[in-house]
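Asker: Here it is: the structure, laid out below.
Bear in mind that the values in this text are calculations on the coordinates, not laboratory data. Predicted model only: the values in this text are computed from it and were never measured. Cβ placement follows ideal geometry from the backbone for every residue including glycine, while neighbour counts extend to all protein chains displayed.
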Amino acid sequence: MHQHYGTIKHIDIDERTVIIKRRNRKQKIYFQRAMFQHYLKYLHPNNILVYALKVREHPNKPYQKYTVKDVYKIVKKSPRKTITLYSYKSIVKQTQAFINSLDYKLFLDLEMSMHPYHVQKDFIQEVIQAGYVLVDKNDNVVETYKRFIQPTKHRTLTKRTLKFLKINQEDVDQGVPYKTFYETFKNILKTYSPAIIVWGKNDHLALQETSDVNDLPGFDQASRFINLLKLHKNVFRLKNDLGLITAYQLYGYEADKQTHDALEDALMTMHIFQGFKAYLNSKLEIDFSKLPKH
């Protein structure tokens, strides 16, 4: 992809456009909303921008003809020194170093109770199934876990929950109390101090909310939660979220649809992590055409 670079001369926040001086001429470039918000803190006059464009005609919006496709680097120059404010290569290198530094890793997935089809103001979602895979630094499996968990506040699951997860009320009735899972999970964290790797932010929030319902402390101080989805978005510069199944297929695995079984999804997360790590270390090539267009 052809890279352009130039000096920022003016920023129009309303139109999301930036005027760039390239050699002896000026060019107006347009940012899509999410990208503009992401880079706005670096877009200041006299900073240098390295970027790629997708050129297309907009009959009703001529200022969108030159739309920014990628940003590679943003640099601030001063008489004394040059400061790199943003660098895509640095993000990739930092992510690689961080992933390689992890010791014990716990791949976690949780399934939640779901709101009824009608509005119920006092309804609170709770964790009703947990699955995790604990591995050591060399990715040897140390322990796996899969349990249904009895909800505390709304013991009878909604029809929506039963249909979506394809389970029965008896499954959770025969499950363990949340406090039992909580103590097991807490002991794993105390014993191995693993990095907890999740896909998205919902599992982290679900643990906190269900702990609150049961008057138990959260896990923020006892562990590290790593959002693997967010790392993918940063490295692959994705505007939208990447689905678990799509990411799984990206690394050469076959799957038709997500089963929403906590242990199976935790195993998928583990395989995605391993593929991502191999890609960052140049041990695996991936087909970028499988990624959603951004």
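Asker: Modelled label-to-label distance, residue 141 and residue 212, 7 Å Cα→beta-carbon offset: nm?
Answerer: The answer from the label model is 3.5 nm.
Asker: With +1 on each Lys and Arg Cβ and -1 on each Asp and Glu Cβ, and nothing else charged, work out how big the dipole of segment 203-294 is about its Cα centre, in Debye to the nearest 20.
Answerer: In debye, rounded to 20, segment 203-294 gives about 720.
Asker: Averaging sequence separations of C-alpha pairs under 8 Å and six or more residues apart, then dividing by the length of segment 167-274, give the relative contact order as a whole percent.
Answerer: Here the relative contact order equals 22 percent.
Asker: With just the Cα atoms defining each centre, how far is segment 71-102 from segment 132-189? Give it in Å.
Answerer: 40
Asker: Within the chain, which is the longest segment that contains none of the trypsin sites (Lys or Arg not before Pro) sitting in a DSSP loop with at most 11 other Cβ atoms within 10 Å?
Answerer: On the way: sites that count: 23, 56, 80, 81, 121, 137, 166, 257, 283, 293.
Counting at most 11 other Cβ atoms within 10 Å as exposed, the longest clean stretch of the chain is 167-256.
Asker: If r is the Cβ-Cβ distance from residue 9 to residue 92 and R0 is 30 Å, what FRET efficiency results, to the nearest 0.05?
Answerer: 0.55
Asker: Under 1.5 on a/c is rounded, so check that first for segment 129-172, then, if it is not, pick prolate when a/b is larger than b/c and oblate when it is not; a ≥ b ≥ c are the square roots of the alpha carbon gyration tensor eigenvalues.
Answerer: Numbers: a/c = 3.99, a/b = 2.76, b/c = 1.45.
Prolate, since a/c reaches 1.5 and a/b exceeds b/c.
Asker: Sticking with this structure for a sec: Which percent, nearest 5, of DSSP beta bridges in the chain are antiparallel? Provide the component values of the computation, followed by the final result.
Answerer: Details: 43 of 53 bridges.
Antiparallel bridges make up about 80 percent of those DSSP assigns within the chain.
Asker: Could you give the semi-axes, largest first, of the ellipsoid that matches segment 30-123, computed as the square roots of 5 times the alpha carbon gyration tensor eigenvalues and rounded to whole Å?
Answerer: 37, 27, 14
Asker: So, one more: How far is helix 88-101 tilted, in degrees, relative to the longest principal axis of the Cα atoms in the chain, given as a value from 0 to 90 rounded to the nearest 10?
Answerer: 30
Asker: Which residues' amide hydrogens lie under 5 Å from the amide hydrogen of residue 69, considering only partners 5 or more residues apart or on another chain, with H built in the peptide plane?
Answerer: Correct list: 52, 53, 54.
Asker: Testing the spin-label approximation: label points 7 Å from Cα along Cα→Cβ at residue 224 and residue 123. State their distance in nm.
Answerer: For the pair residue 224/residue 123, the computed spacing is 3.8 nm.
Asker: OK, next. Suppose a student asked you for the relative contact order of the chain, using Cα pairs under 8 Å spaced at least 6 residues apart; what percent would you report?
Answerer: Details: 507 pairs, mean separation 42.8, N = 294.
Reported as a whole number, the value is 15 percent.
Asker: Same structure, new question: Tell me the angle of helix 178-192 to the major Cα principal axis of the chain, expressed in degrees between 0 and 90 and rounded to the nearest ten.
Answerer: Roughly 60 degrees between the two axes.
Asker: How big is Rg to Rh over segment 109-211, alpha-carbon atoms, Rh as the Kirkwood inverse-mean-distance radius?
Answerer: Dividing the radius of gyration by the Kirkwood radius yields 1.00.
Asker: Between residue 291 and residue 41, what is the spin-label point distance in nm, taking each point 7 Å from the Cα along the Cα→C-beta axis?
Answerer: Label-label distance for residue 291 and residue 41, simple model: 2.3 nm.
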